[in-house]
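J.: This is the structure I want to talk about, given as structure tokens.
The values are calculated or read from the model by the stated rules, or taken from the named source; none is laboratory data. The structure presented is a predicted model; accordingly, all values stated were derived computationally and were not measured. So basically every Cβ, Gly included, is an ideal-geometry build from the backbone, and we count neighbours across all protein chains shown. All accessible areas refer to the heavy atoms of the entire protein, side chains included, with ligands and DNA or RNA removed. Shrake-Rupley method; radii C 1.70, N 1.55, O 1.52, S 1.80 Å.
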Amino acid sequence: MTSRFPLSLGRELRALAMLAWPLIGSNLLISAMHFIDVMMAGHISGMDLAAVGVGSNVWLLCFLTAQGVLTALSPIVSQQHGAGRLEQMGDYVRHGLLLALVLGVLMLVLLQFLAGPLLAALGMDPALQRMGERFVRAISWGAPAICCFLVFRFVLEGMGLTRLILGISVAGLLFNVAGNVVFMYGYLGAPALGGIGCGVASALSMWLMLMLLLALAYVCRSQRLALLRRAPGGRPRRQTMAEILRLGLPIAGTMLAEHGFFIAVTLMMSTISVSAVAAHQIAMNYTSIMYMVPMALAAAISVRVGHAVGEGRLDEARWRGICGMLACLVLMLVSALLLLAFHRQIAQLYSAEREVATLAAALLLIAAAFQLSDGVQVACGGALRGFKDTRLPFLICLASYWLIGFPLAWRAAHGPAAAPQQVWWGFVIGLSAAAVLMIARYALLTRRLAQAMPLALAAKGGAA
């Protein structure tokens with residue numbers, strides 16, 4: 001056993017890396033899209049920049065909900081793939097598409113009619129409200145396309161075909177940049193829409209990515225890609241749809257709980273000072289970019305674990321989850337060391353104001369600890385998804401963020417000596433609690449499954 005350990009570890013890490021690197025690239029490209037949108041809007045006017053920022057947050061709340069629900073397809077398909085049940089995988093594609101169409105149309109309708117009242121309720125400047133509303137309405141036309149694309153993305157992810165996802169993401173980024181130039185600045189006969197043109201370009205890029213993926217599915221002769229164009233017909237089955245929702249709704253809840261926690265802390269910073277908000281945004285922007293790495297690794301871990309579970313190798317599934325968490329911890333440790341060494345230089349890249357850069361550098365130091373906890377809990381969440389365990393992880397994250405982290409951050413922000421650093425320690429403690437509890441859940445779940453496996457095999461042998 002001892003001699004095989006390093007070999008199995010190295011083999012698993014190589015397999016995980018081959019699966020994860022296209023997902024990391026895809027996630028970084030998604031971040032780049034948002035960065036380019038904000039940068040190009042900022043070069044037009046402050047009003048356009050603000051409208052894109054506000055509108056993007058409204059869009060993101062709806063998008064995260066749909067993405068979370070449809071993420072359930074990845075562990076479901078990975079287990080079916082591991083078991084070699086291709087026909088059942090095609091059935092999940094069909095049900096996923098039906099659900100995606102419902103979610104996409106619902107997003108489109110809600111954002112078209114409720115974006116204005118929602119922004120008005122926030123009490124912002126009327127001109128900003130109008131421009132933000134027009135941005136949301138423009139980008140919402142891409143909702144049906146991106147929801148259907150997510151179905152195909154998570155099905156491909158579950159089968160381990162991640163390089164195709166990266167290729168589509170590259171095409172989406174290039175088209176999005178070109179669309180921004182055309183619709184924001186008014187080239188090729190298009191009207192100059194400013195920040196609103198950014199929403200138009202984003203919506204069109206969503207449709208382009210969906211069309212490209214469907215075209216590849218029809219052109220390629222791969223048996224696995226054929227699932228994307230030949231999903232079995234028949235009436236939808238309540239059981240299948242319920243399974244997707246049972247797994248997906250807790251994932252969506254986890255994403256919204258984390259995103260809401262971060263928004264709440266941003267609002268707390270606004271009660272301290274303008275410099276605190278600016279420094280917080282710098283630290284959050286950097287950590288959000290680095291977060292793309294553990295998030296992609298978590299998806300790859302989920303697929304690797306799901307394949308082993310589908311094959312009936314529960315010990316191997318447990319080992320793959322542990323290897324993935326170790327890999328994520330090492331990568332986040334490297335990132336933390338880079339922050340310790342270059343936190344001042346990173347802060348100065350974002351701001352030339354000495355007060356803001358100094359405060360941002362202090363927050364980036366705390367972010368070193370923040371990243372370790374966040375990386376571990378995200379990786380562990382991915383491993384648990386591979387076992388189709390999503391409900392308790394959602395409750396763990398909800399409690400850690402809102403019952404532990406939020407009260408500590410709130411007390412720090414409203415205390416007699418309020419300081420941004422103290423608020424960020426609320427972040428760290430909340431995420432650390434989530435990491436510890438998720439690891440405990442993983443240990444208990446995998447131990448219980450390991451104990452149940454011999455009994456199941458004995459029962460099967462007796463029946464035979």
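J.: Out of the total accessible area of region 288-372 (probe 1.4 Å, heavy atoms of protein only), what percent is carbon and sulfur?
T.: The value for region 288-372 is 66 percent carbon and sulfur by accessible area.
J.: For the chain, report the accessible area per residue in Å² (1.4 Å probe, heavy atoms, rounded to an integer).
T.: In whole numbers, the chain has 45 Å² accessible per residue.
J.: Can you work out ³J(HN,Hα) from phi for every residue in region 110-116, in order, using Karplus 6.51 cos²θ - 1.76 cosθ + 1.60 and θ = phi - 60°, giving whole Hz and x for Gly and Pro?
T.: Per-residue couplings from phi come out as 4, 6, 5, 9, 10, 4, x Hz.
J.: Further question: Can you give the helix-only mean residue ellipticity at 222 nm for the chain, where every DSSP H stretch with n ≥ 4 adds -39500 (n - 2.57) and the sum goes over all residues, rounded to the nearest 500 deg cm²/dmol?
T.: -30500 deg cm²/dmol
J.: What does the accessible area of Phe113 come to, in Å² to the nearest 10, when a probe of 1.4 Å is used?
T.: Roll a 1.4 Å probe over it and Phe113 shows about 150 Å².
J.: Something else: Calculate one ³J(HN,Hα) per residue across region 131-141 by plugging θ = phi - 60° into the Karplus curve 6.51 cos²θ - 1.76 cosθ + 1.60, and present them in order as whole Hz with x for glycine and proline.
T.: 5, x, 5, 5, 5, 4, 4, 5, 6, 5, 5
J.: Next question, about the same structure. Through the Karplus equation 6.51 cos²θ - 1.76 cosθ + 1.60, θ set to phi - 60°, convert the phi angles of region 422-434 into ³J(HN,Hα) values in whole Hz; use x for Gly and Pro.
T.: Ordered by residue, 3J(HN,Hα) equals 5, 4, 5, 5, x, 3, 4, 5, x, 5, 5, 4, 4 Hz.
J.: How long is the gain from Ala120 to Arg163 if the chain were fully straight, where each residue apart is worth 0.36 nm and the alpha carbon distance is subtracted?
T.: Fully extending the segment from Ala120 to Arg163 adds 11.2 nm.
J.: Mind jotting down the distance between the C-alpha centroids of region 169-219 and region 101-123, whole Å?
T.: 22 Å
J.: Under a point spin-label approximation (7 Å from Cα along Cα-to-Cβ), what is the Val219-Leu326 distance to one decimal in nm?
T.: 4.1 nm
J.: Dipole size in debye (nearest 20) for region 57-190 around its Cα centre, Lys and Arg Cβ +1, Asp and Glu Cβ -1?
T.: Its charge dipole is roughly 100 debye.
J.: In percent, how large is the relative contact order of region 33-190, given Cα pairs closer than 8 Å and 6 or more residues apart?
T.: Details: 140 pairs, mean separation 53.7, N = 158.
Value for region 33-190: 34 percent.
J.: Continuing with the same structure: Can you list, largest first and rounded to whole Å, the semi-axes you get for region 265-329 by taking the square root of 5 times each eigenvalue of its Cα gyration tensor?
T.: On the way: eigenvalues 306, 19, 14 Å².
Value: 39, 10, 8 Å, ordered largest first.
J.: Not counting the cut sites, what is the longest span of the chain without GluC sites (Glu not before Pro) that DSSP labels loop and that have at most 16 other Cβ atoms within 10 Å? Walk me through the intermediate numbers first.
T.: Details: sites that count: Glu311, Glu353.
That would be 1-310.
J.: Report the gain in length on full extension from Asn57 to Glu353: 0.36 nm times residue separation, minus Cα-Cα distance, nm rounded to one decimal.
T.: Values: separation 296, 0.36 × 296 = 106.56 nm, distance 2.62 nm.
Taking 0.36 nm per residue and subtracting the Cα distance, the gain is 103.9 nm.
J.: What dipole magnitude, in Debye to the nearest 20, does the chain give about its Cα centre under +1 on Lys/Arg Cβ and -1 on Asp/Glu Cβ?
T.: On the way: 32 positive and 17 negative charges, 323 e Å.
Result for the chain is approximately 1560 debye, rounded to the nearest 20.
J.: Taking all protein chains together and a probe of 1.4 Å, list His307, His81, His95 from the most accessible to the least accessible.
T.: Heavy-atom accessible area, descending, gives His81, His307, His95.
J.: Which one, Gly167, His95, Met40, projects farthest toward the positive side of the charge dipole computed for the chain from Cβ point charges (K/R +1, D/E -1)?
T.: Going by the charge dipole, the pick is His95.
J.: Considering the options Met332, Val277, Ala242, tell which one lies farthest towards the positive end of the dipole of the chain, charges being +1 on Lys and Arg and -1 on Asp and Glu at the Cβ, about the Cα centre.
T.: Ala242
J.: Once label points are set 7 Å from the Cα along Cα→Cβ at both His414 and Leu256, what is their separation, rounded to one decimal in nm?
T.: Output for this residue pair reads 2.4 nm.
J.: Solvent-accessible area of Ile30, probe 1.4 Å, all protein chains present, reported in Å² to the nearest ten, please.
T.: In the full protein context, Ile30 sits at about 90 Å².
J.: Can you list residues whose amide H is under 5 Å from Gly186's amide H, if they're 5+ apart or on another chain and H is modeled 1.01 Å from N?
T.: Leu193
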